Every structure is written in C-alpha cells, then in structure tokens.
1. Yes or no: residue 92 in a helix (DSSP H, G or I) and either free of Cβ contacts under 8 Å to residues at least 12 places away in the same chain or farther than 17 Å from residue 201 by Cα (or both)?
2. I'd like the full set of residues that are of a type outside the set (A, V, I, L, M, F, W, C), in a helix (DSSP H, G or I), within 23 Å of residue 282 (Cα to Cα) and in contact (Cβ under 8 Å) with a residue 60 or more places away in the chain, limited to segment 217-270.
3. Give segment 298-352 a look and list any residue that's crowded, with 16+ Cβ neighbours inside 10 Å and among the acidic types (Asp, Glu), or say none.
4. Among residues belonging to segment 100-119 that are open to solvent by 10 Å² or more (accessible area, probe 1.4 Å) and part of a helix (DSSP H, G or I), point out the one that is modelled with the lowest pLDDT.
5. Would you check which residues across segment 179-236 are of a type in the set (Gly, Ala, Ser) and on the phi > 0 side of the Ramachandran plot and list them?
6. Only one of (1) outside any loop (DSSP other than H, G, I, E, B); (2) in contact (Cβ under 8 Å) with a residue 12 or more places away in the chain is not met by residue 353, so which one is it?
7. Out of all the residues in segment 360-369, is one or more outside any strand (DSSP E or B), modelled with pLDDT of 95 or more and small (Gly, Ala, Ser)?
8. Just give me the residues in segment 65-79 being on the phi < 0 side of the Ramachandran plot and assigned to a loop (DSSP other than H, G, I, E, B), in sequence order.
Amino acid sequence: SYALAAAELLLSGFGFDGLRVDSTKSIRKYPNDAPDAAGAGLLGDIAALCRRAGKLAIAEDLEDGDGVLQFGGLGLHMQWDMAFFCWAYDALIHPMDEHRDLAQLKKGLQGLSPARSHPLRGRVLFMESHDTATSDRYGRLAAAVHNGKAFMAPAEGEQGQAGADAFQKLSGALPYPSAAAVEGNPFAARRAAIGLVMMMTAPGVPMLLQGQEVYECGAYKWPRGPALDWQRVAASSGNAALWQTLTTNLIKLRLTSASPSLSPLAGDGVHVCHAHGGVLAYLRWAEVADSRTPQQDGPDLALVVLNFTNSSFPMYELGVPPSSQWRLALSTVNGSVLSAGDVADIKLNVTPGKAAHGFACTLPVALPAYCASIFLRAG
C-alpha cells in the first residue's frame, strides 16, 4: 500500500531511526469507537516493518491504557503516556498544595498496564507536547502553574477538562498570560522544574518540546508549532540559562553511571517508598541484562525526592535500603531560589537501625519548598 511504501522509504531510503504514527486511535477505531480491523492491520504492518528493519515504532495514542498497540497486540515498541502527563500536570498547576494527588502520581510513575513489559515501560513521557502546550489547550507548564488551571474552555455540556481528549472538545480558550508575567513568577518556575525532574527520572523515554529546554513560556497555537527563540538559547543568565543547564544536568544523570551498568535513572526499576504530606520519594535502579553477571554491591540506586509543598523541611527522614552514605547529585532549589541543579559534593550519612517506610535505615535530608532532589547511593 501507499502508506507502507512511504514508511519503507523513510526507514530505508532516508535512514530514519523509526516512525511515530500520529493519532493511532483514529486508525484502529471508527468515529463511533467501533474497532476498525483494516486500520489495526495497517498499524500492525507498520510495526512489523519497523521491527524487521531494526527501527523504532511509536504510537501517539491517548486511549490505550491496556497496551493493545504493543506486544500481545499490534507490536509497536512504545506509545505516548497521556495519563502520566495528566496526573503530573494536575498535581503541579493546582494553586492549593492540599489538592495534589500523590496516589495518582504514584500510578503515573509505575505505568498503566501490566501488559507493557517492554523496556522503559514501553512509553514516551512528556510534560509538554505539540498538542498539549498550545495556548488554547493545556498551555506551557509554567504558564499553567501561573494561571492555576488549563486554558481550555470546556464544550457545552462538559463538566470539566478531564480526559485525555479534553482538548478535542473545545468551545473556546481562556486568556493566556504574557511570557514576562510567567517569567516573573518564581512559583511557576519551581513547580515546572519538579515536573521536568519527574519526567526525566520516571521509567520511560522522556520527550522535550522545542523550547522547553530554555523555559519558553510564550503562546502558540496548533498547527503552527512553537518557534525557537535563539536569544534564549544563547542566554548566559536568567531562567533560560538556568533551565538549559538543569536539562543538561538531568540528561547527564540519565546517561552516566558510576559502574559499568546503566545509570539507575535509565533502567526500569522503580519503587515509590513514600507518598505523604505533599512529599513523594521513589527509588530507581537498572538491573543487569543477565542475572548471572557478578555484581559487587548490586545495582546503583537513585533516590528521587519531590516536595510539592510551599513548606521547607530542614530535616526530613526517609527510609532507604542498607547503605552508609548517599550523595546529593542534583537539586532544583539553592537556598530559596531556582537552581540549575549544580550542587557541591555533599554526602549524607545514613542512620542505621532506625526503620522507616519499610526499610531498616533512615536518611535525613533537607527539602526546600517546591524542590526536586536526586540522591545517589555512595559506593
């Protein structure tokens, strides 16, 4: 067919690394939601073509919580995780700390479907996308935090903005703040930074929207994508420079490991060990490919701690696995201001024999307000 011939040209002729199929829900279903066997067959053929060529097949599907597009189904490698976005977005933009739902965030970290036994949960993670970040939909994350809600006006008869396809039922849009107003709001930057860290440390493949890496807050509307402001890229101070360095530091942490194995942030292992009072903490690790591979101390461990509250905690005790020290690798707040994540060589001692959160050891950490911190278990 024409579609398969075009896919083969992109993969073999132009050397693309893979294909992302847009709106797969509209291909595998009719408008009345009845299954479309021919459309599903086409998706399966595209996935098979990608696999034969050693290429990646990604689905942009907002309504496949059961993973039918992947193995056990149509065979695509990954799909966009809209649930992760919605739950993280809701927790970050609400102006009241007591309304942040950590139980939903825990589900978002773990992934929706047990059927998705693919590496990295078989999902692409995002906090901004070409569909969501437009000024008449969810908006840029920092702008939505500044606004305290999304920018969609629900269609007549709709009770709210819930649901993955909420932006497809618009009757209008709410006023969008100026980029200068968002830039001047420190809470917008700090809470958006928590979202960036969560996306970069959850099991999955993180995706950045153009401009997100330089804290672009300006308005744009689909189908015209956001233009890249090269002055922000070249900035040496301000939020644009801080954000670019923070993004770089997070990518380095995902790619760098103290041992021959993968970085703990690049693996599939995740355990949410604490979700209470606006503080979310989870462990991350990467298992070796073969369990017979000798390991001196087990996999590297990372502890990610997110403080979703405007309260600072000079000493917050978290249960950790057996260990003696943990090193602070990144923090989004320095004192009381946004940070690029750079930290001094700070090592924290574990309190042995003091049980907490299901572990026999306790790690006391300092948590600034609206801050994300990453700790690595020291050798």
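The values are calculated or read from the model by the stated rules, or taken from the named source; none is laboratory data. All figures in this text were calculated on a predicted structure; none of them were measured in a lab. Cβ: placed from backbone, ideal geometry, glycine included. Neighbour counts: every protein chain shown. Calculation scope for accessible area: heavy atoms of the full protein, side chains included, ligands and nucleic acids excluded. Shrake-Rupley method; radii C 1.70, N 1.55, O 1.52, S 1.80 Å.
1. Working: in a helix (DSSP H, G or I): yes; either free of Cβ contacts under 8 Å to residues at least 12 places away in the same chain or farther than 17 Å from residue 201 by Cα (or both): no.
It is false that residue 92 is in a helix (DSSP H, G or I) and either free of Cβ contacts under 8 Å to residues at least 12 places away in the same chain or farther than 17 Å from residue 201 by Cα (or both).
2. Of segment 217-270, the ones of a type outside the set (A, V, I, L, M, F, W, C) are 218, 220-221, 223-226, 229, 231-232, 236-239, 244-245, 247-249, 252, 254, 256-257, 259-261, 263-264, 267-269.
Of the ones still in play, those that are also in a helix (DSSP H, G or I) are 231-232, 238-239, 244-245, 247-249, 252, 254, 264.
With within 23 Å of residue 282 (Cα to Cα) added as a condition, the list becomes 247-249, 252, 254, 264.
Correct list: 249, 264.
3. The answer is 300, and nothing else.
4. Filtering segment 100-119 for residues open to solvent by 10 Å² or more (accessible area, probe 1.4 Å) gives 100-104, 106-107, 110-119.
Among the residues that remain, those that are also part of a helix (DSSP H, G or I) are: 102-104, 106-107, 110, 119.
On the way: 102: 97, 103: 96, 104: 95, 106: 95, 107: 93, 110: 89, 119: 74.
Top of the filtered list is 119.
5. Our first condition is that a residue be of a type in the set (Gly, Ala, Ser); within segment 179-236, this holds for 179-181, 184, 188-189, 192-193, 195, 202, 204, 211, 218-219, 225, 227, 234-236.
The answer is 204, 211.
6. (2)
7. Restricting attention to segment 360-369, the residues satisfying the condition of being outside any strand (DSSP E or B) are 368-369.
Next cut, modelled with pLDDT of 95 or more only: 368-369.
Still in the list and also small (Gly, Ala, Ser): 369.
Within segment 360-369, one or more residues are outside any strand (DSSP E or B), modelled with pLDDT of 95 or more and small (Gly, Ala, Ser).
8. The first filter runs over segment 65-79 and keeps only residues on the phi < 0 side of the Ramachandran plot, leaving 65-66, 68-71, 73-74, 76-79.
Hits for segment 65-79 are 65, 66, 68, 69, 70, 71, 73, 74, 76, 77.
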